[in-house]
Amino acid sequence: MSYHSAPSLKRKKRIIFLVGPTATGKSAIGVILAKKINAEIISCDSMQIYKGMDILTSMPGPVLRKKVSHHLIRYQSPGREYNVSRYRDQASRKIKEILGRGRVPLFVGGTGHYMSIMLDGIFKAKAQNKALRNRLYKIAEKKGNIFLYRKLKKIDPQSAAKIHPNDTKRIIRALEVFQVTGKPISELQKQRKGLWQDYDVRIFCLNMPREELYQRINKRVNKMFAQGLIREVEKLLKNKLSRTASYAIGLREIKGYLAGAYGLEEAKRLVKRNTRAYAKRQLTWFREDKRIEWIETTCKEKPASVAQRICNII
């Protein structure tokens, strides 16, 4: 029996996730789908949380935002730290508000970690030590991510298998939890409870042929530069950015260009390359979740067509 066809789920209120790698058209498809199913959109993107990063994060434009209510985008200062715990609390409140209006919560975005936290919950252990965390970040700066990643593989291979070696934040969080509690974070996470237990959840992941996806990414990056990406980054770099915001793809690449380390074309090449690598990591994450229903599409298919196909199987 499939996850969504279990009889016990029929009485539960519905929540939809529309996820997938960057540049697959989630924003446009999400708005059309939302109008069809009477939904409001909750962002599932760790960078679209921030103000002043519209071009950098390919934020849904004002035209799309006027068509359907969007939540948890463009409200957090990039100078303030943000984490999955805050996201889960705020998104959970939005779910209740949207359901209270008789509408369907529709999560749209590509941050797999945010999706997992919402679906499966977050463990409640008080496992925080700011001084320890700062020491680990200094070690990462001095010895590199791989040094800490190898430590994590020794103490918690299950978590290490799910974390990319370059994901400094999650590596350090897992090490922090282990050193504070004496237990691997993978063990503590088994005690979590999320949306999956209480709601009728459907998860749709967009995908398209790899070469088409990469072409779309390259075109999007060219468009971002044409829209004023360099000016946006210059403005952002005038202030201190939070650790989370500083991971946005494009910031470091353009910072190098502004510092004279390389030319404009090299900056564009780096942004394209790193965005393609990010899309590959996103696909790897989503493929590990067997609850996902895959929606294969192509560059030629219109957003309305994709939205209708999803609507037909909800």
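Read-outs throughout are calculated quantities, based only on the coordinates presented, and are distinct from any laboratory measurement. Because the structure is a prediction, the values reported are computed rather than measured. Here Cβ is always computed from backbone atoms with ideal geometry, including for glycine, and neighbour counts include all displayed protein chains.
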Original post:
Using a Gaussian network model of the chain with C-alpha springs under 10 Å, which one of Asn129, Asn38, Asn145 is most mobile by mean-square fluctuation?
Top reply: Asn129
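If the only charges are +1 at each Lys and Arg Cβ and -1 at each Asp and Glu Cβ, what is the size of the charge dipole of the stretch 130-191 around the Cα centre, to the nearest 20 debye?
160 debye
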Original post:
Which of rounded, prolate, oblate describes the chain, given a ≥ b ≥ c as roots of the alpha-carbon gyration tensor eigenvalues and a/c under 1.5 marking rounded, otherwise prolate only if a/b is larger than b/c?
Top reply: oblate
**OP:** Would you work out which of Gly25, Val271, Val84 lies farthest towards the positive end of the dipole of the chain, given +1 charges on the beta-carbon of Lys and Arg and -1 on that of Asp and Glu, about the Cα centre?
**Re:** Val84
Original post:
Just in the stretch 267-299: which GluC sites (Glu not before Pro) are loop by DSSP and have at most 14 other Cβ atoms within 10 Å?
Top reply: Glu288
Original post:
Taking Cα centroids, how far is the stretch 206-232 from the stretch 81-132 in Å?
Top reply: 28 Å
Subject >> Nearest-0.05 FRET efficiency for Lys138 and Asn239, computed from C-beta distance (R0 22 Å) >> reply: 0.45
Subject >> Highest-fluctuation residue, Lys94, Lys272, Lys302 considered, GNM on the chain with Cα pairs under 10 Å >> reply: Lys302
Original post:
Amide H to amide H under 5 Å from Ile15: which residues, 5+ apart in sequence or cross-chain, H placed 1.01 Å off N in plane?
Top reply: Asp200, Val201, Arg202
Subject >> Convex hull of Cα atoms in the stretch 235-314, direction-averaged projection (nm²) >> reply: 8.3 nm²
**OP:** Mind sorting Trp196, Trp294 by how few other Cβ atoms lie within 10 Å of their own Cβ, fewest first?
**Re:** Trp294, Trp196
Subject >> Dipole magnitude of the stretch 10-116, debye to nearest 20 (Cβ charges: Lys/Arg +1, Asp/Glu -1, about Cα centre) >> reply: 680 debye
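Once you order the gyration tensor axes a ≥ b ≥ c over the Cα atoms, which shape class does the stretch 117-166 get: rounded for a/c under 1.5, otherwise prolate or oblate by comparing a/b with b/c?
Oblate.
Please find the FRET efficiency linking Ala304 to Ile37, where r is the Cβ-Cβ separation and R0 is fixed at 22 Å, and quote it to the nearest 0.05.
Efficiency at R0 = 22 Å is approximately 0.95.
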Subject >> Residues Gln227 and Thr284, FRET efficiency given R0 of 30 Å [Cβ-Cβ distance, rounded to 0.05] >> reply: 0.55
Original post:
Gaussian network model of the chain, Cα springs within a sub-10 Å range: biggest mean-square fluctuation belongs to which of Ala131, Ala34, Ala160?
Top reply: Ala131
Original post:
Roughly how many debye, to the nearest 20, is the charge dipole of the chain about its Cα centre, given +1 on each Lys and Arg Cβ, -1 on each Asp and Glu Cβ, and no other charges?
Top reply: 580 debye
Original post:
What is the set of long-range amide H partners of Ile42 at a cut-off below 5 Å, with H atoms built 1.01 Å from backbone N?
Top reply: His71, Leu106, Phe107, Val108
Original post:
Between rounded, prolate and oblate, where does the stretch 130-191 land on the alpha carbon gyration tensor, with a ≥ b ≥ c its root eigenvalues, rounded for a/c under 1.5, else prolate if a/b exceeds b/c?
Top reply: oblate
Original post:
Among Ala226, Leu237, Tyr247, whose Cα sits farthest toward the positive end of the charge dipole of the stretch 217-291 (+1 at Cβ of Lys/Arg, -1 at Cβ of Asp/Glu, about the Cα centre)?
Top reply: Tyr247
Subject >> Under 5 Å, built H, 5+ apart or other chain: amide partners of Ser242 >> reply: Gly79, Arg80
